[in-house]
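The values are calculated or read from the model by the stated rules, or taken from the named source; none is laboratory data. The shown structure was predicted, so the numbers you read here are calculated from the model rather than taken from an experiment. Methodologically, a virtual Cβ is constructed for each residue, glycine included, from the backbone with ideal geometry; neighbour enumeration extends over all protein chains shown.
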Amino acid sequence: MDFISILRFYFFYPSFFDIIIFPGLILFAVILLTAIWFERKAAARVQMRVGPYYASKRSGGFLQLVADALKFVFSEMIIPDQVNPTLFVLAPALLLMISILPFAVVPVSIIPKSGSIFSPYFHDFYDPNIGMGVLSGFFTQYNLVLVLALEAIYPIFIIFMGWVTNNRFAILGSVRETMLSVSYDVLIFMATVSLALEFHTLDIAQIVQRGIPGILANPFAALVFFIGMLIGSSRFPFDIVEAETELVVGPATEYSGFLFVITMAPAYIGNFIYSFIFVDLFLGGWLPFTGLPGAAYTALKAVIVLFFSVFMRSVYGRYRLDQALRGSWKYLFPLSLFALIFGMVVGFLWIA
Amino acid sequence: MDSVKKEPKEYKKENPIGLFGDHLNAIATGLKYFAKPQRITLKYPEESIRLPTGYRGLIRLYKDVCIGCTLCAMICPADAMKMMTQEGKKLPIINYGRCVFCGFCVDICPVDALKETGVHDVAFSNRRDLIFDPDKFNKNYDVPFTGVVRKVRAEVDEKKGIRYVPDS
């Protein structure tokens, strides 16, 4: 093998290409700016305003976010006196890292035996359940469980961030996160478990390859998962952790400059990764495409789901903490139990 | 009578399916406005509303008409207007940092030496620039804006609320 083909081999190796290049970090950076821009523009349209406009009028003020990001990068990072500076700087970085981590095991497409750009890696990412390779950073047969486990670490680091900043707004935001995380983790867990029981597998790729979108097979689980996703990534109407009018920005209160950008990103990235799981489980994933077009199709649907969930900002106000907890335990938790039983029945009758 | 007890609000009966319908309705309304936005923003520097004729904007002085009677400085409720002597003649100066645009000075002037112009959108980079001496006060304040300003008029529209139509 000459040098170019070796480079090509390692460039398209799914653990690198999937995580860093295409539906990975580079797409996340672009989508982060686009989602915030879309959030502001959509809220402005609904609220009879114009939104970002003067930074590049032709693209509707898209460069406003680039300008904001540049401004944040070059502004001063203030580290308070009575904190441990190492942990203070480390906390947002850890949070960002943990928020990206679940993407390593989310399958975005499948690798056919030949014909695709990823076909040389067919045997390395071979999934015996479906008889195909799976395009994901790291393949295990139990990736549904692993995704949930990795997502469940995320609230701990929000609490850690609120704790190291030595600020009472941050502590209050962290306490709210602890209360909410119990409820939304239960909702997401029940929704995915009902899908797993319905499709008799813990492999996301096998659920997609079955060819039945989960939203048809179990619409209740889809609703519960979507709302759990909104709570988990603190989108409106569950923007309770970083409630700007009550707690300045919640756990990120003391952060300024570039560290603030890093604290803002994980919520959007978490939402984007939840959107990927939502697309895989409920919206049919990459079917009918395979390889790179399949990954692009999955990413496109995930972007649409992400945009829909940031669109909620323009529709809703913010629930109180007790309202959100009551809603999730009183209405959504029984609904998720019902979805579990519904999934078992439908899985027994229809999806043998 | 004692059977009528007000229940705590948290425990009132709610119809979950009705609540779900309300949420769908709210999202549908949001999507409707997203698809057909009804913006009422005035894109200000490019278009501005034509002001009515009696608009109380910046005040200007006619130096030749002024008789130096000091009535304007006396009536001024904000102490914005003061008198100064220039070449042996008493003339008013104004500090726009204090002025509240009440127009009392214009009303009280016995010889109509003060006049309200329709200009209100001005900016100063320095507080000292806010004090207009008689020479600066003697002319209309020109807005140094080079762009094209479309003058518009606000109209009440049945469907949209407010509509801006070009004013000829």
- Item | Filtered residues of the range B:49-73 (kept if within 15 Å of the chain's Cα centre (by Cα) and exposed (fewer than 13 other Cβ atoms within 10 Å of the Cβ)) | B:Pro52, B:Thr53, B:Gly54
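When the residues of the range A:120-155 are filtered to those that are among the aliphatic types (A, V, I, L, M) and closer than 20 Å to A:Thr290 by Cβ, which remaining residue is surrounded by the most Cβ atoms within 10 Å (Cβ to Cβ)? Can you show your working first?
First, pick out the residues of the range A:120-155 that are among the aliphatic types (A, V, I, L, M): A:130, A:132, A:134-135, A:144-150, A:152-153.
If we keep only those that are closer than 20 Å to A:Thr290 by Cβ as well, we get A:130, A:132, A:134-135.
Numbers: A:Ile130: 18, A:Met132: 20, A:Val134: 30, A:Leu135: 28.
Looking at residues that are among the aliphatic types (A, V, I, L, M) and closer than 20 Å to A:Thr290 by Cβ, I get A:Val134.
Anything in the range B:123-155 that is in a loop (DSSP other than H, G, I, E, B) and modelled with pLDDT of 80 or more? List them, or say none. Spell out how you get there, then give the answer.
Keep residues of the range B:123-155 that are in a loop (DSSP other than H, G, I, E, B), which gives B:123-126, B:133, B:138-149.
Passing the criteria: B:Ala123, B:Phe124, B:Ser125, B:Asn126, B:Asp133, B:Asn138.
In the range A:310-331, how many are closer than 18 Å to A:Arg176 by Cβ, of a type outside the set (Phe, Trp, Tyr) and more than 10 Å from chain B (Cβ to nearest Cβ)? Walk me through how you get there before you give the answer.
Of the range A:310-331, the ones closer than 18 Å to A:Arg176 by Cβ are A:316-329.
Among the residues that remain, those that are also of a type outside the set (Phe, Trp, Tyr) are: A:317-318, A:320-328.
With the extra rule that they be more than 10 Å from chain B (Cβ to nearest Cβ), the set shrinks to A:317-318, A:320-321, A:324-325, A:328.
Within the range A:310-331, residues that are closer than 18 Å to A:Arg176 by Cβ, of a type outside the set (Phe, Trp, Tyr) and more than 10 Å from chain B (Cβ to nearest Cβ) number 7.
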- Query: For the range A:288-326, which residues satisfy the criterion of being crowded, with 18+ Cβ neighbours inside 10 Å and more than 30 Å from A:Met48 (Cα to Cα)?
  - Reply: A:Thr290, A:Gly291, A:Leu292, A:Gly294, A:Ala295, A:Tyr297, A:Thr298, A:Ala299, A:Leu325
- Test: residue in the range B:27-37 that is within 13 Å of chain A (Cβ to nearest Cβ), surrounded by fewer than 13 Cβ atoms within 10 Å (Cβ to Cβ), modelled with pLDDT of 85 or more and touching a helix residue (DSSP H, G or I) at 6+ places or on another chain (Cβ under 8 Å): yes
- Filter the range A:242-262 down to residues that are hydroxyl-bearing (Ser, Thr, Tyr) and surrounded by fewer than 24 Cβ atoms within 10 Å (Cβ to Cβ) and give me whichever is farthest from A:Val193 (Cα to Cα). A:Ser256
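Among the residues in the range B:50-62, are any within 14 Å of chain A (Cβ to nearest Cβ) and at pLDDT below 85? Steps first, answer last, please.
Initially, the range B:50-62 is screened for residues within 14 Å of chain A (Cβ to nearest Cβ), giving none.
The answer is no, given that none of the residues of the range B:50-62 is within 14 Å of chain A (Cβ to nearest Cβ) and at pLDDT below 85.
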- Tell me which of these A:Phe307 doesn't satisfy, since it passes every other one: (1) over 23 Å from A:Ala35 (Cβ atoms); (2) within 14 Å of another protein chain (Cβ to nearest Cβ). (1)
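Could you check, for the range A:75-84, whether at least one of its residues is of a type in the set (S, T, N, Q) and surrounded by 14 or more Cβ atoms within 10 Å (Cβ to Cβ)? If you could, list the steps in order and put the result at the bottom.
Restricting attention to the range A:75-84, the residues satisfying the condition of being of a type in the set (S, T, N, Q) are A:75, A:82, A:84.
From the residues that got through so far, the ones that are surrounded by 14 or more Cβ atoms within 10 Å (Cβ to Cβ) too are none.
Scanning the range A:75-84 turns up no residue that is of a type in the set (S, T, N, Q) and surrounded by 14 or more Cβ atoms within 10 Å (Cβ to Cβ).
So that you can scan it fast, the table gives a plain yes or no per residue for (1) out of contact with any helix residue (DSSP H, G or I) (no Cβ under 6 Å at 6 or more places or on another chain); (2) farther than 22 Å from A:Trp286 by Cβ:
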position: A:Gly133; (1), (2): yes, no
position: A:Leu150; (1), (2): no, no
position: A:Ile153; (1), (2): no, yes
position: A:Leu187; (1), (2): no, yes
position: A:Val208; (1), (2): no, no
- Message: Among (1) of a type in the set (D, E, K, R); (2) within 22 Å of A:Ile98 (Cα to Cα); (3) assigned to a loop (DSSP other than H, G, I, E, B), there is one condition A:Asp18 misses while meeting the rest; what is its number?
- Response: (3)
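From the list A:Val30, A:Val83, which one is β-branched (Val, Ile, Thr) and in a helix (DSSP H, G or I)?
Details: A:Val83 fails: in a helix (DSSP H, G or I).
Exactly one residue qualifies, and that residue is A:Val30.
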- Item | Restricting the range B:38-48 to residues that are more than 7 Å from every other protein chain (Cβ to nearest Cβ) and touching a strand residue (DSSP E or B) at 6+ places or on another chain (Cβ under 8 Å), the residue that is surrounded by the most Cβ atoms within 10 Å (Cβ to Cβ) | B:Ser48
- State yes or no: is B:Lys89 out of contact with any His (no Cβ under 6 Å at 6 or more places or on another chain) and farther than 30 Å from A:Arg49 by Cβ? yes
- Note on the structure: Out of (1) away from chain B (no Cβ under 14 Å); (2) under 22 Å from A:Ala29 (Cβ atoms); (3) modelled with pLDDT of 85 or more, the one A:Gly343 does not meet is (2)
- Query: Which ones in the range A:54-80 are closer than 27 Å to A:Met312 by Cα, in a loop (DSSP other than H, G, I, E, B) and more than 14 Å from chain B (Cβ to nearest Cβ)?
  - Reply: A:Ala55, A:Ser56, A:Arg58, A:Ser59, A:Phe62
- Note on the structure: Residue hits (the range A:210-226; of a type in the set (A, V, I, L, M) and either farther than 15 Å from A:Gly327 by Cα or touching a helix residue (DSSP H, G or I) at 6+ places or on another chain (Cβ under 6 Å) (or both)) are A:Ile212, A:Ile215, A:Leu216, A:Ala217, A:Ala221, A:Ala222, A:Val224
- Message: Pull out all pairs, ordered by first then second residue, where Cβ-Cβ is under 7 Å, the residues are six or more apart or on different chains, the first lies in the range A:26-53 and is over 17 Å from A:Val305 (Cα atoms) and within 14 Å of chain B (Cβ to nearest Cβ), and the second is charged (D, E, K, R) and part of a loop (DSSP other than H, G, I, E, B).
- Response: A:Met48/B:Arg39; A:Arg49/B:Arg39; A:Val50/B:Arg39
